[in-house]
Every structure is written in structure tokens, then in C-alpha cells.
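Undergrad: Starting off with a structure, shown below.
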Amino acid sequence: MLPPLDYLPPVKRAAIDAFFDFPPGMSSEAVNRELLPTMLERMRPYMEGRQEPRLKNWYILTWPGGGTIGARVIEERRIGELERLVRDKIVVGLPDTRVFTVEGDLFGGIGGSARSVGIHLQSEDTARLNRVALEGRSLLEKLFPGAAVQSFPNPDDVALELHAVPDDRRIAEVGWDRATLGTVVRAVGEGAWLGEYFDGKSRLPIILRSSEGTTPEDLSNAPLMTPAGLVVRLGDLVQLSTVLGPPAIRRLNHRRTVTLTVDPPASLSLETVLSTIDAKVLPPLRAHMPPDGSMRLAGSADSLSQTLAAMSRVFALALIVLLLLMTVLFRSVRDSVIVLLTVPLALVGGVFGLRLLDLVKFQALDLLSMIGFVMMIGVIINHAILLVAAVRSAEAEGATLDEGIRAGLQQRLRAILASTLTGALGALPMAVNPGPGSVIYRGLAAVNIGGVVISLVFSLVLIPALMRLLRARGRTEAAAAPDASLVRS
């Protein structure tokens, strides 16, 4: 009965982002020379306003192995047209390049959104890890058409690596060991970190770096002063070789990791995506992982479970606090329980409101909708308190229970109806036709409308019925109990 769960609503901004995975081994110079001019030429008429839709601004950003292009239109209502333009004309036909185009997410950044699900694949067997990552990426693209699927680092991408294999005999002859040689190699390369300098206000890193070499031959011929007083070449202590390897090494908890991310389309809830991944993606990947391999879900998967636990605690705490406050107010646990029995009906109404909205526009049970349930409790509890308090006030003036219920309904019905109508009608535009900035509150509005309307209908009948039932039973039991004075006599 409950709608599928989600973390945050898929709120979009008026911008289009396209992400690239360039061909393996393609240098930045080749990208600037062969691919960027083509895209710039295709975008030029729209940048200059000679064709529609005209662009408000744009950018292109590249890095080794990938890049992104972003654009915004002057007229935000044409954002769908811009997405088709970028996908079908601007980035189409780039040789051996993976491209996916998405409308920018308000709650996300480059490479992902607040709804993205990550799969961490970990193993020290790099070759098998990359094969499993490619298989996982293919499965995700097949199961979620239209979703943005990425891998970090990209298993397809390769870069030149310089391997240094130490000669232990020569290292010992000059008075060094492998650890010392590692520091020397870092100093010859990107630099060896020696420590920090602190002047009382700021810290400066101290890095020892030799003059830069431009080729492997320059590094091999780098002169080194050894503890034995000899000057030797780096190539005399290590064997340098050039091989192909990953462009980046990602580690999580000190283990080599490849992370797959999937940004589901707005028509899929996070719960649906997680259940599909758990049933159809993780089992085949787990079967092909190396013996030392492991995998786990991350990203919004962790956030969703933590949010559900936190919201459950908040909801339970709110009910307990309400029960205690009403017990103090009414000095009756029975009347307090009667008031709280309106909460389940309100919850059913909130779910009904979400389901009704889902028939028109996809709506999941996201974080803001959960907050709507908590907010709704205060409104419907207030109505019940007004009615019970009016009945108790009439009884205190000498009325019978039936007369008190009738008087309470007459006194409070108008106020309860006015409060319900203003709350429901005030939230109706936000649920039916929200603006660009208020679309994230669509679910919250639907929950409040459904909850207060359904609880109104049932509360006006349920509370009087429960009061008559429980109060009458209590009086019957009291009348049936023998008088203590008669028992003693």
C-alpha cells in the first residue's frame, strides 16, 4: 500500500549536462585538437543567438579520460528542447566516446546527484576487478535505460605508467634499502613530502623535488649521491619500464576500489532501483569477483536507510510526547488514547493522498513527504483535542455524556472545518500545479491534504463513538464493582 521509498525528490535545474568517457589512451592534446572544435562549431549558432533555443551560458571542462559540457537556455521552459539538442546534435557521432546527457540535478554536483546509488567493488586483482566493473556497468545500463551510469576510475581508460623495479644487490652496495630508495624515486618524480612549516598562522608543506625530467631516459640518468660517497645513476639501481595502466588509483579503506554509480531517471524510485540492483546486479558480479574481492552499496543507499531509522525514531518520539502532554492536560489516559487513535486514520489519508497524486505525476515517499506526516500529526491531533476538551467541559458543567458530545460537536465543528479547509485548499496548488521552486514540496502537500481530509471525516464519527464506548464501559464496570464498605461489614 505504501508508495515506493525515495531519499530526495528528483528536482531539476534549468541546465543540461553531458558527460564523456573519451577513447582509452586519448591525450588531452588530442581531445582539444579533434573533439572540442567539432562540439564548439555545432554550438556556435546557439551561442550567438542565430538559432533556437538561444543559450544563456555554457562551459566545457575536460580531464584525462573524460569531460563534461553544460549549457543553460534563456527561456527555461525550453529546457527539454535543449536536452534533445545536446543529445542529438551537439555530442552525437564523437568517435569511440561514451556520452550521456541529463538535465542538471538541483541537489547534486558534477558526476552525480543526491539520488545516485554507488557500488564499491574492491580487490587487489586489478585485471579481474576491471572486468567485473565493465560487466556491472553493462548490466546497469541494460536494466535502467536512460539512467546516467558511470565508473570511477573508468576501467576502459588506460595511461602510460613508469615502473621502477629495484635491484636489491646494487641498493645494498651503495648503503640504501628499498624504503629509502622509494623516497629517492619520489623526490626524482613528483616530490617527496618532508613535513610542514608553521609560522603561527599558516602551514606550508615542505617537498623535496629534483629538476623535472621530460622523458624516462632523463629519469634513468638522474645522478644520485649515495651514503658510500659514490654518484650513481637512478638507472643503475632500478630497472625502468613503460607499461599501460589505469589513469588513477582509487582506494577506500586502503583497498583498491572501482565505484559504479547510477543516477536513476525521475520515473524510478530509489527503493525500486535498490531492489533491482540487489536482485539482478549484485549476484552475478559477486560470482565473478576475485577471492579477495568484496562489494557494498553506498551513496543514497546508505542515506535512505539512515533516514528511515531517524524518521522512525522522530515519529515514535512525537507520539510519546503527545501522549504525555495530553495525559497531563486531560488528567486521563483514556481520553489521551482516544485522541491518539485518530493518528492511524490520518496516516491512511496521507498515503491515499500520495497514491492519488501518483496517478497523475510520479510521486514516491521521499524525505520531505515523511516530514509531511510528522507535520500532519500536529494538525489532526489539535482537532481531536478541541473536540475532546469541549466534551469534557460540557460534562464539567453537569451535562450527560451524550449531551456533552452533542454540545462539543456544535461548538467545535465550525472551527475544525475552517482549519481543515484552509489547510487543504492552501496546500492544493502546491500539490496540483507547483512552481519551479516549490516542486520539491509536492509530496508534502499531498500528504497534508489527504491526511487532514480523511481524518476529519472519520474523527467526527470515531471520537464520539469511542468516547461513548469506552466511557460507558468504564461506568458499567464501576457500577458492577461491590461497595467496599459493604464488603467490610
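The values are calculated or read from the model by the stated rules, or taken from the named source; none is laboratory data. It should be emphasised that the depicted structure is a prediction, and the values quoted were computed from it without experimental measurement. Note that we place each Cβ from the backbone using ideal geometry, even for glycine, and neighbour counts take in every protein chain shown.
Undergrad: For Thr261, which of the numbered conditions (1) part of a strand (DSSP E or B); (2) closer than 30 Å to Val165 by Cβ; (3) of a type in the set (S, T, N, Q) fails to hold?
TA: Of the numbered conditions (1) part of a strand (DSSP E or B); (2) closer than 30 Å to Val165 by Cβ; (3) of a type in the set (S, T, N, Q), the odd one out for Thr261 is (2).
Undergrad: For residues that are assigned to a loop (DSSP other than H, G, I, E, B) and either outside the structural domain of Ile377 (by TED's automatic domain parsing) or in contact (Cβ under 8 Å) with a residue 12 or more places away in the chain (or both), tally how many sit in the range 436-448. Talk me through it step by step, then tell me what you get.
TA: Our first condition is that a residue be assigned to a loop (DSSP other than H, G, I, E, B); within the range 436-448, this holds for 436-438.
When the remaining residues are screened for being either outside the structural domain of Ile377 (by TED's automatic domain parsing) or in contact (Cβ under 8 Å) with a residue 12 or more places away in the chain (or both), the result is 436.
Residues in the range 436-448 being assigned to a loop (DSSP other than H, G, I, E, B) and either outside the structural domain of Ile377 (by TED's automatic domain parsing) or in contact (Cβ under 8 Å) with a residue 12 or more places away in the chain (or both): 1 in total.
Undergrad: Identify, please: which residue in the range 178-217 is of a type in the set (Gly, Ala, Ser) and more than 26 Å from Pro166 (Cβ to Cβ) and is, among those, modelled with the lowest pLDDT? Write out each step before concluding.
TA: Pass one, the range 178-217, residues of a type in the set (Gly, Ala, Ser): 179, 182, 187, 189, 191-192, 195, 200, 202, 210-211, 213.
Going one step further and asking which of them are more than 26 Å from Pro166 (Cβ to Cβ), we end up with 200, 202.
Details: Gly200: 83, Ser202: 88.
If we take residues in the range 178-217 being of a type in the set (Gly, Ala, Ser) and more than 26 Å from Pro166 (Cβ to Cβ), then Gly200 is modelled with the lowest pLDDT.
Undergrad: Follow-up. Just to verify a result, which residue in the range 35-51, among those that are in contact (Cβ under 8 Å) with a residue 24 or more places away in the chain and of a type outside the set (Val, Ile, Thr), is surrounded by the fewest Cβ atoms within 10 Å (Cβ to Cβ)? Show your work before the answer.
TA: At the first step, the residues of the range 35-51 found to be in contact (Cβ under 8 Å) with a residue 24 or more places away in the chain are 35-36, 38-39, 42-43, 46.
Applying the additional criterion that residues be of a type outside the set (Val, Ile, Thr) yields 35-36, 39, 42-43, 46.
Details: Leu35: 21, Leu36: 14, Met39: 18, Arg42: 16, Met43: 21, Tyr46: 21.
The residue in question is Leu36.
Undergrad: Could you grab me the full set of residues in the range 277-329 that are among the polar types (S, T, N, Q), out of contact with any Ser or Thr (no Cβ under 8 Å at 6 or more places or on another chain) and surrounded by fewer than 16 Cβ atoms within 10 Å (Cβ to Cβ)?
TA: Passing the criteria: Ser305, Gln306, Ser312.
Undergrad: Let me ask you something else. Taking the criterion of being surrounded by fewer than 22 Cβ atoms within 10 Å (Cβ to Cβ), touching a residue at least 60 places away in the same chain (Cβ under 8 Å) and in contact with a Phe, Trp or Tyr (Cβ under 7 Å, 6 or more places away or on another chain), would at least one residue in the range 399-418 satisfy it?
TA: No - not one qualifying residue is present in the range 399-418.
Undergrad: If you take the residues of the range 142-173 that are of a type in the set (D, E, K, R) and outside any loop (DSSP other than H, G, I, E, B), which of them is farthest from Arg250 (Cα to Cα)?
TA: Within the range 142-173, the match that is farthest from Arg250 (Cα to Cα) is Glu173.
Undergrad: Ok, one more. Answer yes or no as to whether Pro227 is assigned to a loop (DSSP other than H, G, I, E, B), modelled with pLDDT of 85 or more and more than 20 Å from Glu135 (Cα to Cα). Talk me through it step by step, then tell me what you get.
TA: Working: assigned to a loop (DSSP other than H, G, I, E, B): yes; modelled with pLDDT of 85 or more: yes; more than 20 Å from Glu135 (Cα to Cα): yes.
Here the answer is yes, as Pro227 does meet what is asked.
Undergrad: List the helices (runs of 4 or more DSSP H) inside the range 304-405, counting only whole elements, that have at least 3 residues being within 30 Å of the chain's Cα centre (by Cα) and aliphatic (A, V, I, L, M). Write out each step before concluding.
TA: On the way: elements: 333-340, 342-360, 367-396.
Ranges flagged: 342-360, 367-396.
Undergrad: Is one or more of the residues making up the range 216-233 within 30 Å of Gly136 (Cα to Cα), of a type in the set (Ser, Thr, Tyr) and outside the structural domain of Gln122 (by TED's automatic domain parsing)?
TA: Pass one, the range 216-233, residues within 30 Å of Gly136 (Cα to Cα): none.
Within the range 216-233, not a single residue is within 30 Å of Gly136 (Cα to Cα), of a type in the set (Ser, Thr, Tyr) and outside the structural domain of Gln122 (by TED's automatic domain parsing).
Undergrad: Something else about it: Which of (1) part of a loop (DSSP other than H, G, I, E, B); (2) over 23 Å from the mean Cα position of the chain (by Cα); (3) exposed (fewer than 12 other Cβ atoms within 10 Å of the Cβ) is the odd one out, the single condition Ser267 does not satisfy?
TA: (2)
Undergrad: How many of the residues making up the range 174-216 are part of a loop (DSSP other than H, G, I, E, B), hydrophobic (A, V, I, L, M, F, W, C) and loosely packed, with under 10 Cβ neighbours inside 10 Å?
TA: First, pick out the residues of the range 174-216 that are part of a loop (DSSP other than H, G, I, E, B): 174-177, 189-191, 199-202, 209-215.
Add one more test, that the residue is hydrophobic (A, V, I, L, M, F, W, C), and what stays is 174, 176.
Narrowing the set further to residues that are loosely packed, with under 10 Cβ neighbours inside 10 Å leaves none.
The qualifying residues number 0.
Undergrad: Can you name the residue in the range 123-173 that is polar (S, T, N, Q) and either closer than 30 Å to Thr272 by Cα or buried (at least 16 other Cβ atoms within 10 Å of the Cβ) (or both) and, of all such residues, is modelled with the lowest pLDDT? Reasoning before the result, please.
TA: Of all residues in the range 123-173, those polar (S, T, N, Q) come to 123, 126, 130, 138, 150-151, 154.
Now drop any that are not either closer than 30 Å to Thr272 by Cα or buried (at least 16 other Cβ atoms within 10 Å of the Cβ) (or both), which leaves 123, 130, 138, 150-151, 154.
Working: Ser123: 92, Asn130: 90, Ser138: 92, Gln150: 86, Ser151: 87, Asn154: 82.
Checking each candidate, the answer is Asn154.
Undergrad: I need the full set of residues from the range 373-398 which are surrounded by 17 or more Cβ atoms within 10 Å (Cβ to Cβ) and small (Gly, Ala, Ser), in order please.
TA: Scanning the range 373-398 gives Ala384, Ala389, Ala390, Ala394.
Undergrad: Which members of the range 419-435 meet the condition of being surrounded by 13 or more Cβ atoms within 10 Å (Cβ to Cβ) and not in a helix (DSSP H, G or I)? It would help to see each step written out before you state the result.
TA: At the first step, the residues of the range 419-435 found to be surrounded by 13 or more Cβ atoms within 10 Å (Cβ to Cβ) are 419-421, 423-424, 427-428, 430-432, 434.
Scanning the range 419-435 gives a single hit, Pro434.
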